[in-house]
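First up is the structure itself, then whatever we jot down about it.
The values are calculated or read from the model by the stated rules, or taken from the named source; none is laboratory data. The shown structure was predicted, so the numbers you read here are calculated from the model rather than taken from an experiment. For neighbour counting, all protein chains shown are included, and Cβ atoms are generated from backbone atoms with ideal geometry for every residue, glycine included. These area figures cover heavy atoms from the full protein model, side chains too; ligands, DNA and RNA do not enter into them. Shrake-Rupley method; radii C 1.70, N 1.55, O 1.52, S 1.80 Å.
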Amino acid sequence: MRVTILTNFIAPYRIPQFTAFNKQVEKLEILISTGMEKGRPWPVEWHGLPVRLQRSLSRENVTVHPNGFEEKSEVHLPYDTLYRLARFRPDVMISGELGFRTLLAVIYRKFTRRTRLIVWATVSEASERGRSGGVRGRLRRYLLASADRIIVNGESGRRYVRAFGARNDKIDVIPYCMNLKAPEQIRARTPDETYRLLCVGNLGDRKGVLQSLPALCAAARSLPERNIEMWIAGDGPQKAAIEAFPLPSNLTLRLLGHTHYDELPGVYEQCGILFFPVLADEWG
């Protein structure tokens with residue numbers, strides 16, 4: 001089986017998944033629009049995967065999400081997609097997102113009936129608020145109806161694509177995965193680590209860390225006999241404001257800064273409670 005994956009770039013959390021997948025198919029080609037998007041702290045690492053950088057037009061898009069934060073994103077138009085698909089002749093296409101690249105994959109599917117199309121919809125109801133009306137909504141309905149299968153990350157993603165007419169028997173819920181240590185290699189947490197909070201992510205408006213601090217401080221004040229510690233792994237525009245935020249005496253924040261993806265398992269191992277105050281996301 002020859003498989004093409006179409007996506008905008010390769011994030012480090014997808015590398016283990018793609019590497020395992022590469023071993024199970026006859027030939028794999030991964031088409032990306034950019035080495036790495038602006039504002040992403042990750043290095044460009046493909047780990048020997050068969051990646052091809054497409055010819056693309058890109059622009060930055062700024063919108064205000066209904067949840068009240070400004071959202072910056074890059075929109076890519078990989079205009080050589082049909083040429084590359086015709087050259088590789090995949091049996092299966094896995095196309096990420098619900099935009100231009102998936103529309104081109106649908107067009108290719110119309111002319112090559114033997115090729116199957118899987119749409120990888122990285123969406124949730126919260127992430128897509130305000131993005132589902134008008135022309136965009138009609139396009140998404142058409143793309144989902146044209147897919148042979150649809151991948152989502154969780155039940156919120158399933159509900160979202162079903163609202164656009166996708167049949168439940170075409171939807172596969174496939175969570176993200178990563179390489180883990182064997183159970184015997186994982187040490188037991190100490191009591192302090194068990195109750196240590198951990199927040200991982202970019203310190204921007206969308207992740208909600210700064211906005212959540214008043215509630216965290218109120219919780220700490222209601223438990224004066226307990227010392228509460230939170231580690232924050234990440235960097236971004238709100239870092240200075242988070243550092244300067246007035247905290248009660250029994251609440252401690254430790255800002256780790258940008259943490260390389262390979263170092264994160266060791267950080268998770270030292271904490272016991274995941275703090276995830278994000279305002280709109282799919283990854284959690």
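A few notes on this one:
- For the stretch 1-143, the solvent-accessible area works out to 52 Å² per residue, with a probe of 1.4 Å and every protein chain left in place.
- Separation of the stretch 205-250 and the stretch 1-73, taken as the distance between their Cα centroids, equals 32 angstrom.
- Of Phe164, Phe69, Phe21, the one that fluctuates the most in a GNM where the chain has Cα springs shorter than 10 Å: Phe21
- Cα-centre dipole for the stretch 60-138 with unit charges at Cβ (Lys and Arg positive, Asp and Glu negative), debye to 20: 700 debye
- Heavy atoms of Val64 accessible to a 1.4 Å probe, total area in Å² rounded to 10: 110 Å²
- The accessible area of His65, taken with all protein chains in place and a 1.4 Å probe, comes to roughly 10 Å².
- For the stretch 154-284, the relative contact order comes to 33 percent (Cα pairs under 8 Å, sequence separation of at least 6).
- For the stretch 62-175, the relative contact order is 21 percent, taking Cα pairs closer than 8 Å that sit 6 or more residues apart in sequence and dividing their mean separation by the residue count.
- Only Lys, Arg (+1) and Asp, Glu (-1) charged, at Cβ; the stretch 136-195 dipole about Cα centre in debye: 560 debye
- Top positive-direction residue, dipole computed over the chain with Cβ charges, set Pro191, Leu251, Ala233: Ala233
- Split the accessible area of the chain by element, probe 1.4 Å, and carbon with sulfur accounts for 53%.
- The chain: antiparallel DSSP beta bridges as a percent of all, rounded to 5: 20 percent
- Selected from Ala166, Ala218, Ala11 as most flexible by GNM, with the chain as the system and alpha-carbon contacts under 10 Å: Ala218
- As a length-normalised measure over Cα pairs under 8 Å and 6 or more apart, the relative contact order of the chain settles at 16 percent.
- Residue-level accessible surface for Arg254, protein heavy atoms, 1.4 Å, Å²: 120 Å²
- Shown is the FRET efficiency for Lys38 and Arg131, computed with R0 = 25 Å from the Cβ-Cβ distance and rounded to the nearest 0.05: 0.75.
- Label-point separation, Asn227 to Arg254 (7 Å along Cα→Cβ), nm: 1.1 nm
- Accessible surface computed residue by residue for the stretch 230-282, with neighbouring protein chains in place and a 1.4 Å probe, gives 49 Å² per residue.
- Listed residues His260, Gly133, Cys217: farthest to the positive end of the dipole of the chain (Cβ charges): Gly133
- Taking the Cα centre of the chain as origin and assigning +1 to Lys and Arg Cβ atoms and -1 to Asp and Glu Cβ atoms, the resulting dipole is close to 1600 debye.
- Across the stretch 46-78, the residues whose backbone nitrogen lies under 15 Å from the label position 7 Å along the beta-carbon direction of Thr19 are 46-51.
- Over the chain, dividing the summed -39,500 (n - 2.57) contributions of all DSSP H runs of at least 4 residues by the number of residues returns a 222 nm mean residue ellipticity of -7500 deg cm²/dmol.
- Sequence-ordered 3J(HN,Hα) estimates for the stretch 145-154 from the Karplus curve with 6.51, -1.76 and 1.60 and θ = phi - 60° stand at 5, 7, 7, 7, 9, 10, 9, 10, 8, x Hz, glycine and proline given as x.
- Residue of Thr19, Thr190, Thr115 that the Gaussian network model of the chain assigns the largest fluctuation, springs spanning Cα pairs under 10 Å: Thr190
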